[in-house]
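Please read the structure below before turning to the comments.
Every read-out reported here was derived from the displayed coordinates using simple, explicitly stated rules and does not represent laboratory data. On a predicted model such as this, the values are computed, not experimentally measured, just so you know. Please note: Cβ atoms are built from the backbone with ideal geometry, for glycine as well, and neighbour counts cover all protein chains shown.
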Amino acid sequence: MDFTFTEEQQAAVEAARAVFSDVAPDRAPSPALTPGAVAEDIDRQLWNELARTDLLGLTLSPDHGGAGLDPIALCLILRESAKVLARVPLLESCAVATAVQRYGGSALAAELLPRAGRGELILTVGANGRSGHDPAELAVTARPYGDGEDGEGGEDGTSAEGPGWVLDGVQTAVPWAQAADWIAIPAHTAGGRPVLALLPRTRDGVTLADQVSTSGERLAEVRLDGARVEAHELIDAPGCWEWLRSLLTTGTCALALGLGERVLAMTAEYTGKREQFGFPVATFQAVAVQAADRYIDLRAMEATLWQAAWRISSDAGGPLPTAADVAVAKIWASDGVRRVVQTAQHLHGGFGADTDYPLHRYHAWAKQIELSLGPAAAHEEALGDLLAAHPLG
């Protein structure tokens, strides 16, 4: 078997490294010293550079101006972005665009995808539901309307061939929502069927309330009060939301891996220079063992990440559904990135808490990534349910 990445994927990584080489992790104010969000907007300079190098259309087909690569390539780019704490909605915008390409209609794809690939349109998604603990699609209801009267159409929306749909509910902690042009909202019909609606941030019935992430980034609680979406703006293809959520979760694992690799490299550099009793502390057995344990964590995070990304990209079958591989990857990512930053703080001593040194920023981002789309415990429970439903052997 050949486990190496393709030439196209490797070329995308090289292009991303060139873009991110000019990005400093302390480009925004420190979250430890800033009440509220560290900035009002995304890093527009970086976003424009990503668009210029065609990295925003990486997973889009050439018909939409993209490179036609798979989600594995997106995860490779996300891994590089996390090493510099890139403050851009790369995961959310690219994941939503890929889902629209895969499941959406031609009209919606033509309206959104070429502009998203050029960076002219920013997409985001509400994936946390009302509380962050329950399935996101249960937090919003979608009901059809037709002939000018709300509520017409079938109970589960199957006969809604009129003007469109009405959304009511809340999605909390929506990343980069204030900077986004369109927001993807998972919802459920009267019959309990999950659907995915896309609507402009400025549409009537959509209101945003500011929230702040652990990493100091600006989030939003998105409230939908009779917000209408046109028929072509709602994707009801089976499996659409589940696939998008799996891609978002796997992308979060890629962010965790990149961040963890950078933090371990910072730790190796610091302990190689810091001396006690005339020797670098990296030569002490207790320090070396802890660093080695974290290296093992990163390699496990990497192996499970690419397994999940491959299942999503290839639609390959297996003894368990793709969701199981995604759950395993997120378990390792959440636990692993937490252990990596905790060990880094310990081995840096008091220097790790110095706000003039970037480690505290990585620690804050790691905590945000650890809990995003569910902590390890939530995915362990989901994996247990899948194992119970699909006995092995």
note = Among Ala292, Ala309, Ala110, the residue with the largest mean-square fluctuation in a Gaussian network model of the chain built from Cα contacts under 10 Å is Ala292
ask   = Can you give the angle from 0 to 90° between the axis of helix 90-103 and the longest principal axis of the chain, with both taken from C-alpha atoms, to the nearest 10?
value = 40 degrees
request  = Name the long-range amide H neighbours of Ala227: under 5 Å, sequence gap of 5 or more, or other chain; modelled H, no Pro or chain starts.
outcome  = Leu167
request  = Would you mind computing, in nm to one decimal, how far apart the modelled labels at Asp315 and Arg17 are, each placed 7 Å from Cα along Cα→Cβ?
outcome  = 3.4 nm
inquiry  = With θ taken as phi - 60° and the coefficients 6.51, -1.76 and 1.60, list the Karplus ³J(HN,Hα) couplings across the stretch 383-393 in order, rounded to whole Hz; mark glycine and proline as x.
reply    = 5, x, 5, 5, 5, 5, 7, 10, x, 8, x
query = Mind listing the phi-derived Karplus ³J(HN,Hα) values for the stretch 347-353, rounded to whole Hz, using 6.51, -1.76 and 1.60 with θ = phi - 60°, and x for any glycine or proline?
reply = 6, 7, x, x, 4, x, 9
query = Out of Cys240, Cys94, Cys75, any idea which swings most in a Gaussian network model of the chain, alpha carbons joined below 10 Å?
reply = Cys240
request  = First check a/c for the stretch 176-293, with a ≥ b ≥ c the square roots of the eigenvalues of its C-alpha gyration tensor; if it is under 1.5, answer rounded, and if not, answer prolate when a/b is larger than b/c or oblate otherwise.
outcome  = prolate
ask   = Given a cut-off of 20 Å, what percent of all Cα-Cα pairs of the stretch 1-154 lie beyond it?
value = 59 percent
message = Contact order normalised by length for the stretch 1-99, with contacts defined as Cα pairs under 8 Å and 6 or more residues apart; what percent is it?
response = 33 percent
Cα-based reach from Lys83 at 17 Å (exclusive), listing lysines while leaving out same-chain residues under 8 positions away = Lys367
message = What whole-number distance in Å separates the alpha-carbon centres of the stretch 86-142 and the stretch 164-237?
response = 10 Å
query = How many nm separate the modelled label positions at His133 and Phe5, each set 7 Å beyond the Cα in the direction of the Cβ?
reply = 3.8 nm
key: Exposed GluC sites (Glu not before Pro) absent - longest run of the chain, DSSP non-H/G/I/E/B, at most 14 other C-beta within 10 Å   = 162-393
query = In whole percent, what relative contact order does the chain give with Cα contacts below 8 Å and a gap of six or more residues?
reply = 15 percent
Hz values of 3J(HN,Hα) by residue in the stretch 299-304 - Karplus curve (6.51, -1.76, 1.60), Gly and Pro given as x = 5, 5, 4, 5, 4, 6
inquiry  = Less than 13 Å from a label point 7 Å out along the Cα-to-Cβ axis of Glu269: which backbone N atoms in the stretch 317-361 qualify, by residue?
reply    = 357-359
task = Name the long-range amide H neighbours of Ala173: under 5 Å, sequence gap of 5 or more, or other chain; modelled H, no Pro or chain starts.
result = Ala220, Glu221, Val222
